[in-house]
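Okay, structure first, notes after.
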């Protein structure tokens, strides 16, 4: 599988920003790393077509799209099928992992090669991801994480400030030192919050473990909401889902 290494253009902490349709992203914070480095692997056209930019402390990596302009992309990754881009007029159905538009099979043949992005960041760095599908996992403490996605799951180890907006991707964070703002449509939220967290879903479930002084607003329309711990500054609400506060 083709592989390409990108060294950061400047030493020390920075904000790494990724823009991609699909990617499996692994981010590790290394306190002894003098500079950031990214290792990209995947199909040859994606690896060779990737572009970087460095502006005002933000190092950006943009992966090329996998479809021609105006045409939808059908990507099969393992047991999952993603349809992105373009405009579909008519009826679309997915049967056994195959995608049909107006009765015509549009699924590509064999499963596409995985696209993986391995990132090593110095301490005090930040992360920004804008991807359609896949997953993002972080290890170590990051200053900030901003995650915008349609269906990519996010699992953040330790972060001072987190902002995430997802349609169906799940959002999980282990520890929170400052604040979190998380919004999903159907994705679930799993949180351990120590300071302040606003967690909102339409149909996703929310499970939060909080400290005695944590300010939490956990709200869903039809999903279940469970908050363990906390004190008088915990607000948990669901219109039609089950609400539980465990003290």
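Here are the numbers:
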| read-out | value |
| --- | --- |
| Burial ranking of peptide ranges 186-193, 157-164 (average Cβ count within 10 Å, highest at the top) | 186-193, 157-164 |
| Packing rank of 206-212, 226-232, 54-60, where each peptide gets the mean count of other beta carbons within 10 Å, highest leading | 206-212, 226-232, 54-60 |
| Alpha carbon centroid spacing (whole Å) that separates segment 197-228 from segment 26-68 | 33 Å |
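Readers should treat all values here as calculations from the given coordinates under stated rules, not as data from a laboratory. Quick caveat, the model's predicted, so the values are computed rather than measured. Using ideal geometry, Cβ is built from the backbone for each residue, glycine included, and neighbour counts are taken over all protein chains shown.
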